[in-house]
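Here's the structure, in structure tokens; my notes come after.
The values are calculated or read from the model by the stated rules, or taken from the named source; none is laboratory data. Values in this document were obtained by computation on a predicted structure and should not be read as measured data. No Cβ is skipped: glycine too gets one built from the backbone with ideal geometry, and neighbour counts run over all protein chains shown.
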Amino acid sequence: MPRYLNWRNFWIFWLGGLAVFLFNVLTSGPLITDVAPTGILDHQSAATAERVDAIQQSWAAAGQMNYAAWSMATDLVFIGLYTIGGIIGGRLLWQEAQSPSLKKLGLFMVLTYFLFGLFDYIETLSQITQVLQEQGSDTLAGIAAFARPPKIATWIIGTIGMIAALLWRRRERRA
């Protein structure tokens with residue numbers, strides 16, 4: 001097993017990712033406008049260049065375009081940390097678990113976190129490109145809106161699944 005696959009690295013990446021996510025949520029206020037009442041979430045689901053342009057114009061009017069780019073850049077950091085942590089955790093569960101069912105859950109976590117990272121990177125890179133170009137794109141807005149539902153689903157499944165797997169592993173190790 002590669003040396004980087006260990007529980008210490010899992011906790012650093014996974015909890016580090018959650019910390020960056022929490023930071024992004026807590027600092028998202030400047031992107032909330034009348035046009036984008038849920039801030040960056042409105043940008044994620046915009047689906048058309050016209051809607052993206054309206055949101056970005058509201059951010060520009062509030063002097064927040066640089067903040068939007070910075071916020072999306074920190075989202076890229078979250079995605080990387082959380083995805084790597086989840087994949088490491090899933091692989092460790094698969095390799096170390098005694099129960100065949102927990103081993104399968106570990107493999108499922110690897111797949112889930114891989115898909116989460118893929119969909120969230122697609123969404124966020126589509127968004128940040130439009131922010132940096134200061135212009136909406138029907139193609140990129142459509143891609144971001146398409147990637148959002150599976151990203152949300154894999155984030156929920158991965159988070160709940162990992163917590164359940166960690167509790168299961170703890171119980172298994174005590175027995």
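Okay, residues lined up against (1) at pLDDT below 95; (2) out of contact with any helix residue (DSSP H, G or I) (no Cβ under 6 Å at 6 or more places or on another chain); (3) not polar (S, T, N, Q):
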| site | (1), (2), (3) |
| --- | --- |
| A47 | no, no, yes |
| M65 | no, no, yes |
| I88 | no, no, yes |
| A97 | yes, no, yes |
| P100 | no, yes, yes |
Next item on the list: Note down all Cβ pairs under 6 Å where the first residue falls in the stretch 142-163 and is under 14 Å from I87 (Cα atoms), the second is surrounded by fewer than 21 Cβ atoms within 10 Å (Cβ to Cβ), and they're at least six residues apart or on different chains.
Entry: T154/L115
Check: Does Q135 satisfy being modelled with pLDDT of 95 or more, within 30 Å of A49 (Cβ to Cβ) and surrounded by fewer than 15 Cβ atoms within 10 Å (Cβ to Cβ)?
Finding: yes
Check: Mind checking which pairs have a first residue in the stretch 19-41 that is closer than 22 Å to I79 by Cα and a second that is hydroxyl-bearing (S, T, Y) and in a helix (DSSP H, G or I), Cβ under 6 Å, 6 or more apart or different chains?
Finding: N24/T74; P30/Y67
Note to self: Testing V35 on (1) surrounded by fewer than 18 Cβ atoms within 10 Å (Cβ to Cβ); (2) outside any loop (DSSP other than H, G, I, E, B); (3) β-branched (V, I, T), one condition comes back false. Which one is that?
What the structure shows: (2)
Next item on the list: Looking only at the stretch 61-68, decide whether some residue is surrounded by fewer than 20 Cβ atoms within 10 Å (Cβ to Cβ), aromatic (F, W, Y) and touching a residue at least 24 places away in the same chain (Cβ under 8 Å).
Entry: yes
Item checked: Members of the stretch 70-94 that are buried (at least 16 other Cβ atoms within 10 Å of the Cβ) and among the hydrophobic types (A, V, I, L, M, F, W, C) -> M72, F78, I79, L81, I84, I87, I88, L92, L93, W94
Next item on the list: Please specify each residue of the stretch 138-175 satisfying the condition of being over 15 Å from F108 (Cα atoms), crowded, with 17+ Cβ neighbours inside 10 Å and among the aliphatic types (A, V, I, L, M).
Entry: L140, A141, I143, A144, A145, A147
Next item on the list: Consider R51 carefully, then state whether it is surrounded by fewer than 19 Cβ atoms within 10 Å (Cβ to Cβ) and either out of contact with any strand residue (DSSP E or B) (no Cβ under 7 Å at 6 or more places or on another chain) or not in a helix (DSSP H, G or I) (or both).
Entry: no
Notebook entry, point to check: Only one residue in G142, G85 is farther than 20 Å from T38 by Cβ, of a type in the set (G, A, S) and under 21 Å from the mean Cα position of the chain (by Cα), so which one is that?
Noted result: G85
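This table checks each residue for (1) in contact (Cβ under 8 Å) with a residue 12 or more places away in the chain; (2) assigned to a helix (DSSP H, G or I).
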position: R91; (1), (2): yes, yes
position: K103; (1), (2): no, yes
position: V110; (1), (2): yes, yes
position: Y113; (1), (2): yes, yes
position: V131; (1), (2): yes, yes
position: Q135; (1), (2): yes, no
